[in-house]
Amino acid sequence: LRNSISPLKELHGHHKGVLSMAWGAPGDPNMLLTSGKDNRTLCWDMSHGSVVAESSAGSNWNFDVRWSPLVPGILSTASFDGKVCMYNLEDFGPPPARDGQPAPQRQAPKWLKRPCGATFGFGGKLASFTNVTPPPQPQ
């Protein structure tokens, strides 16, 4: 049994308090959205604990952030000035710079990965792969 008092992971990215979090984009449970009192919305890759993307700072705090339940990569924010904004994760800016160098994106979201592929090898052999699991066979 793990020590329930110590945190599993600490994320450092907001300069002020965090107001809202949204776990797991459809199709990728490793993604986390946070909005904070520093007027920023950050998207995190939880497998590495790093910031993947950052929205531009608004004029007011975003008190709520949510993933679209149907379309991967679409999110909404609600701010204290009465605005609800819809964003595409691909339109977010790069992650915040560290030591003058922008942090590279470590991993593409799962909904952007190829569902299958093929390659030719020596001797004219074709190798293919897929990440779709076949349906269970009735018995």
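The values are calculated or read from the model by the stated rules, or taken from the named source; none is laboratory data. Everything numeric here is computed off the predicted structure, so don't read it as measured data. For neighbour counting, all protein chains shown are included, and Cβ atoms are generated from backbone atoms with ideal geometry for every residue, glycine included. The accessibility values were calculated without ligands, DNA or RNA, using every heavy atom of the protein model including side chains. Shrake-Rupley method; radii C 1.70, N 1.55, O 1.52, S 1.80 Å.
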In Å², rounded to a whole number, the accessible area per residue of region 1-83 with probe 1.4 Å is 55
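Give the peptides 83-90, 65-72, 5-12, 21-28 in descending order of average Cβ contacts within 10 Å, highest first.
Values: 83-90: 13.4, 65-72: 15.0, 5-12: 7.9, 21-28: 16.6.
With the highest mean Cβ count within 10 Å placed first, the list reads 21-28, 65-72, 83-90, 5-12.
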Length gained if LYS83 through SER47 is fully extended, taking 0.36 nm per residue and subtracting the Cα-Cα distance, is 9.8 nm
Which residues qualify? For SER50, with a placed amide H closer than 5 Å and at least 5 residues away or on another chain, they are ASP45
Distance in Å, no decimals, from the C-alpha centre of region 1-37 to the one of region 51-71 is 13
Residues whose modelled amide H sits under 5 Å from the amide H of ASP64, counting only those 5 or more places away in sequence or on another chain, are ALA78
